[in-house]
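Take a look at the structure below.
Each reported figure results from applying straightforward, stated rules to the coordinates on display, with no laboratory input. Being a predicted model, the structure only gives us computed values, none of them experimental. Neighbour counts run over all protein chains shown; Cβ positions are idealised from the backbone, glycine included.
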Amino acid sequence: MKEKNDILKWLNRETSDEELLRLKETNNFKTLEKIAHYSAQIETPKVDIKEALAALKIKTQNSSKKGKFVQFNFKQLYKYAAAIVVLVATSYFLLFNNTSSFKTKFAQTKTFNLPDNSEVILNANSEISYAEKDWKTNRNLNLKGEAYFKVQKGKKFTVNTEIGQVTVLGTQFNVKKRANYFEVKTFEGLVSVTYKNKEVKLPRGTIFKVVNGVIDATNTFDVNEKSWLQKESNFKSIALRFVLAEIENQFEYTIETKDVDLDILYSGGFTHTDINIALQSITIPLQLSYKIDGKKITIYNYGK
Amino acid sequence: MTDKSLCDEMYFNEFYTSHIQSASNFAYFKSGDKSTSLDLAQEAFIKIWENCAKIELSKAKSYLFTVVNNLFLNLVKHDKVVFEYAKSSPYLDVDNQSPDYLLEEEEFKDKLKNAIADLTEGEREVFLMNRIDGKKYREIAEILEISQKAVEKRMSSALKKLRAKIDGI
C-alpha cells in the first residue's frame, strides 16, 4: 500500500528524494521506470495551432453562429448523390420522356390516331413526334415530311416543322415539308401558318407554299383532290426537282438526271401504285425519257 | 472574471490556443486514431463558440473535454487503438548501445504499446494524460469532473495491468 502510494506520487512528480531512494530499492522498480519513460514517448498528432485556429474560424463563419455545425462525411454524400442521380434519371425517363413518334419509310404511308382521336395520315419518308403526356394541355407535334391531319375540335393544335408552324383549332389540312419545300393545304376550316414570324390565315381550299425560302402567292386547289391519300401526287406549277424528289419518296428509287432542266415547271400528277405509269405521266408532258436499272432511274432528254 | 466571456474573440482565441493540443491529445488517447483526433477537438471548440454565452470561462475546460468525450462516444465505429512512439526518442539508458540492450528495449516498447492499447478507456486517458501531457492528478480530476481519488485509482489499476502484461504474469 505504501509502495503503491509512492509510485503514484512519483508519477505525479511529488516525490521527495528520500521517497525516491526507497522506491528505487523495490524489486520491480526497473520495469516501472521503463513504463514511465517509454509511455511518455508515445507520439500524439501535433496540432499546428495557428493553422487549426484559422480553419476553425472559417468553419464558424460558414455556419451561422446559432446554426448547427454538421460535419460532412463526403463518402456518405457521394453515396446519396449517386442514389439521387439514379432516381432522378429513372423518374425523368419514366415520367417525362414519353415522346411518341411515328415514322414511315420510303413507299410507305401510315394512319394513326393521336390521344385526342385526331387522325393523322403520314406520307412516305416522314416522321411525327409528340409528347404523349402533355397532349391534353398541349397539342403540339413535330413533323418532318408530309402528313394529312383531321383535327378534333379542342385546344390549339400546332404542327411544328423546321420551316414554319401551323396552328389550328379543328379542321383538316395537309402539311408538307420536304427539303427546301414547305406546303400547307386547308381542306376544312381555317388554318393559321406561321412562317418566319409572319402569320398567314388559310381558309378552306387554299394552299400556302414556300419553295427555296420564297413564298408562293396564295393559290387555290381542289379540296376534293386529296392526292396522296388517294395514292397519287398532284402538282401545279412545281419545279421538276421537287416532283422527282417526291417520286423518290413514294417509290424508294434513286433518280439521276442527264441534260434535264430541273427548274422546269410541272403541272400534273402521278400515281403511287405503278412506277412506270408515274414516270410516264411526268416525262411525257415534259418530253423526257427514262430508264429503270434496278433501283436506279435515269431521266434524260431524248431531244438531244 | 465575470466580464471575461468566451464570446469575446480575444478570450476565445486564448482559450483555444492553450487547450487545442491537449484536447486533440485527449481524443487521440481515447480513439487511437490520428486522423480524427483533431477533428473531434475542433468540433468541440465549435460547440463552445456556438454556446459561448452559456459557458463560464472557469468551467470551459472541463466542458471542452466532456464534449470531446461525447463526440468520441458518438462515433459509430470504434477501431482498436494503435499507438506509435515518436521517432528518435531516447532509450532509458542512453549510454548503453549494446545490440542486446537495444533489442530488449525495443521488445519492451512493443509490449508496452500493446498493453496500453488494451487498457480500458478510463485507465488509458488518465494514464496518458499524466504521462504524455504531464498533467497532475488534480488537473485530470478537474477536467474529467471526477475526484482525485478516482484518478489515482485509475492510475494504479492501469499500472497494475501494464506490469502484469509486460512481466507476463
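In this simple spin-label model, placing a label point 7 Å from the Cα along the Cα-to-Cβ direction at both A:Lys57 and A:Phe221 gives a separation of 7.8 nm. Along its first, second and third principal axes, ordered by size, chain B spans 60, 33, 31 Å in Cα coordinates.
Which of the peptides B:124-135, B:156-167 is most tightly packed, and how do the rest follow, going by the mean number of other Cβ atoms within 10 Å of each residue? Before the final figure, lay out each step's value.
On the way: B:124-135: 22.0, B:156-167: 16.8.
Ranking the peptides B:124-135, B:156-167 by packing returns B:124-135, B:156-167.
Annotation: amide H of A:Tyr266 within the under-5 Å range of A:Ser237, A:Ile238, A:Ala239, A:Leu240, sequence separation 5 or more or interchain, hydrogens built in the peptide plane.
The Kirkwood radius of the stretch B:9-74, taken over pairs of alpha-carbon atoms, gives through the Stokes-Einstein law at 25 °C and 0.890 mPa s a diffusion coefficient of 211 µm² s⁻¹.
Size descriptors for the stretch A:151-232, from the alpha-carbon set: Rg then Dmax equal 12.0, 34 Å. For the stretch A:179-304, the C-alpha radius of gyration sits at 1.14 times the compact-globule guess of 2.2 N^0.38 Å, with N the residue count. Straight-line reach from B:Lys59: taking Cα to Cα under 20 Å and skipping same-chain neighbours fewer than 8 places apart, the lysines in range are B:Lys4, B:Lys47, B:Lys135, B:Lys136. Partner shielding of A:28-35 amounts to 5, given as the average count of beta-carbon atoms from other chains within 10 Å of each residue beta-carbon. Global size of the stretch A:99-228: 13.5, 38 Å for Rg and Dmax (C-alpha atoms, Rg to one decimal, Dmax whole). Rounded to the nearest whole Hz, the Karplus-based 3J(HN,Hα) values (6.51 cos²θ - 1.76 cosθ + 1.60, θ = phi - 60°) of the stretch B:37-48 follow the sequence 4, 5, 4, 4, 5, 4, 4, 5, 5, 5, 4, 5, with x at glycine and proline. Sequence-distant contacts, meaning Cα pairs under 8 Å at least 6 residues apart, place the relative contact order of chain A at 8 percent. Taking amide H as placed 1.01 Å from N in the peptide plane, A:Gln108 has its amide H under 5 Å from the amide H of A:Ala124, A:Asn125, each at least 5 places away in sequence or on another chain. For the residues A:Ile255, A:Ile238, A:Ile58, a GNM of chain A with alpha-carbon springs under 10 Å puts the largest fluctuation on A:Ile58. In bins 10 Å wide, starting from 0, what share of all Cα pairs of the stretch B:71-169 does each bin hold, as a percent? Once binned at 10 Å, the Cα pair distances of the stretch B:71-169 give 13, 37, 35, 12, 2. Working from the Cα coordinates of the stretch A:231-300, the gyration tensor eigenvalues give, after taking √(5λ), semi-axes of 16, 15, 10 Å in decreasing order.
Which order do peptides B:94-102, A:99-107, B:64-72 fall in by mean Cβ count within 10 Å, highest first? All intermediate terms of the calculation are to be shown ahead of the outcome.
Working: B:94-102: 9.3, A:99-107: 14.2, B:64-72: 20.2.
In decreasing order of mean packing, B:94-102, A:99-107, B:64-72 become B:64-72, A:99-107, B:94-102.
Binning the alpha carbon pair distances of the stretch A:96-173 at 5 angstrom intervals from zero yields the distribution 3, 16, 29, 28, 18, 5, 1, expressed in whole percent.
Between A:Ile297 and A:Thr254, A:Ile255, A:Glu256, the built amide H atoms are under 5 Å apart, and every one of these is 5 or more places off in sequence or on another chain.
First obtain the Kirkwood hydrodynamic radius of chain A from its Cα pairs, then insert it into the Stokes-Einstein equation at 37 °C and 0.692 mPa s, and state the resulting D in µm² per second as a whole number. Don't skip to the answer; put the middle values down first.
On the way: Rh = 26.6 Å.
Result for D is 124 µm²/s.
Exposure proxy ranking for B:Met155, B:Met10, based on other Cβ atoms within 10 angstrom of each Cβ and starting from the fewest, stands as B:Met10, B:Met155.
Hey, for a label at A:Asn138 modelled as a point 7 Å past Cα toward Cβ, could you say which residues of the stretch A:150-177 have their backbone N under 15 Å away? Only A:156-160 fall inside the zone, counting backbone N under 15 Å. Inter-chain neighbour count for B:81-88: the average number of beta-carbon atoms from partner chains within 10 Å of each residue's beta-carbon is 3. Taking a straight Cα-Cα cut-off under 19 Å and skipping sequence neighbours fewer than 8 places away in the same chain, the aspartates and glutamates within cross-link reach of A:Lys4 are A:Glu14, A:Asp17, A:Glu18, A:Glu19, A:Glu25, A:Glu33, B:Glu123, B:Glu152, B:Asp167.
In a GNM of chain A with a 10 Å cut-off on Cα contacts, which of A:Gln61, A:Gln172, A:Gln250 has the highest mean-square fluctuation? Fluctuation is largest for A:Gln61.
Along the stretch A:12-26 the Karplus relation, 6.51 cos²θ - 1.76 cosθ + 1.60 evaluated at θ = phi - 60°, assigns HN-Hα couplings of 8, 6, 10, 7, 7, 4, 5, 5, 5, 4, 5, 5, 5, 7, 5 Hz to successive residues, with x for each Gly and Pro. Arranged from fewest to most other beta-carbon atoms within 10 Å of their beta carbon, A:Tyr290, B:Tyr28 become A:Tyr290, B:Tyr28.
If you bin all the Cα-Cα distances of the stretch B:109-163 at 10 Å, starting from zero, the percentages per bin are 26, 57, 16, 1. Neighbour counts of C-beta atoms inside 10 Å place A:Thr283, B:Thr120 in the sequence B:Thr120, A:Thr283, starting with the fewest.
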